[in-house]
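Comments concern the structure below.
The values are calculated or read from the model by the stated rules, or taken from the named source; none is laboratory data. What you are looking at is a predicted structure, and each value in this text was computed from that prediction instead of being measured. Don't worry about glycine lacking a Cβ; one is built from the backbone with ideal geometry, like all the others, and counts go over all protein chains shown. SASA here: full protein model, heavy atoms, side chains in, ligands and nucleic acids out. Shrake-Rupley method; radii C 1.70, N 1.55, O 1.52, S 1.80 Å.
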Amino acid sequence: MTVREILKMGDPRLLRVAEPVTEFDTPAMRALIDDMFDTMHAANGAGLAAPQIGVNLQLVIFGFKQNLRYPEAPQVPETVLINPVLTPLSDAMEEGFEGCLSVPGLRGSVPRHTRLRYEGVDQHGQPIRREVDGFHARVVQHEVDHLLGILYPARIRDFSKFGFTSVMFPELDPHDDD
Ligand code: NI
């Protein structure tokens, strides 16, 4: 088990556009994905993008049955998504609070597409194509933004809904959000 250091906002490596993955099922890729799951689980994360551990590849993971950081969220299948392409399925957007392991201790309300299709491949290079909505769609948009060098604060429109988790969501254990 290898928990990697998660880069924090201000690190220029979080602002790069990630490169496509071209090799699958190699020992290096398997080790990277294992480390990402160990790192995400250790931090109670809902998702993690490779750039957050300093690896500039188009690779994200997400999913949980129950999440301490988002106790109200419905379950999302545990997924490895590589070289993703997102297609909104309507013009509808919705606001919802997000946090980020690279922006510890803070939450902000971010507008996201309500419904979208995501396509890409899994860790074996097998195609993935899903149509999702709600929190699942939100998580995918948040993680794929990391591949574009975008952190969620850049998406906030209403800064009255951006602040410390401990102040806005005192019911959440702050240790789950650092
Ligand atoms: Ni994030």
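Assorted remarks:
- Candidates GLY120, GLY96, GLY105, GLY63 - the one that is within 23 Å of PRO20 (Cα to Cα), open to solvent by 10 Å² or more (accessible area, probe 1.4 Å) and of a type in the set (Gly, Ala, Ser): GLY120
- Qualifying positions in region 64-76 - without any contact (Cβ under 8 Å) to a residue 24 or more places away in the chain and closer than 22 Å to LEU147 by Cα: PHE64
- Qualifying positions in region 58-79 - more than 20 Å from PRO170 (Cα to Cα) and either of a type in the set (S, T, N, Q) or within 16 Å of the ligand (Cβ to nearest atom) (or both): GLN58, LEU59, VAL60, ILE61, PHE62, GLY63, PHE64, GLN75, VAL76, THR79
- Odd one out for THR114, checked against (1) under 26 Å from GLU19 (Cβ atoms); (2) surrounded by fewer than 21 Cβ atoms within 10 Å (Cβ to Cβ); (3) touching a Gly at 6+ places or on another chain (Cβ under 8 Å): (1)
- Looking across region 6-16, the residues that are touching a residue at least 12 places away in the same chain (Cβ under 8 Å), part of a helix (DSSP H, G or I) and open to solvent by 30 Å² or more (accessible area, probe 1.4 Å) come down to ARG13, LEU15.
- Restricting attention to region 17-60, the residues being β-branched (Val, Ile, Thr) and either more than 21 Å from HIS124 (Cβ to Cβ) or assigned to a helix (DSSP H, G or I) (or both) number 4.
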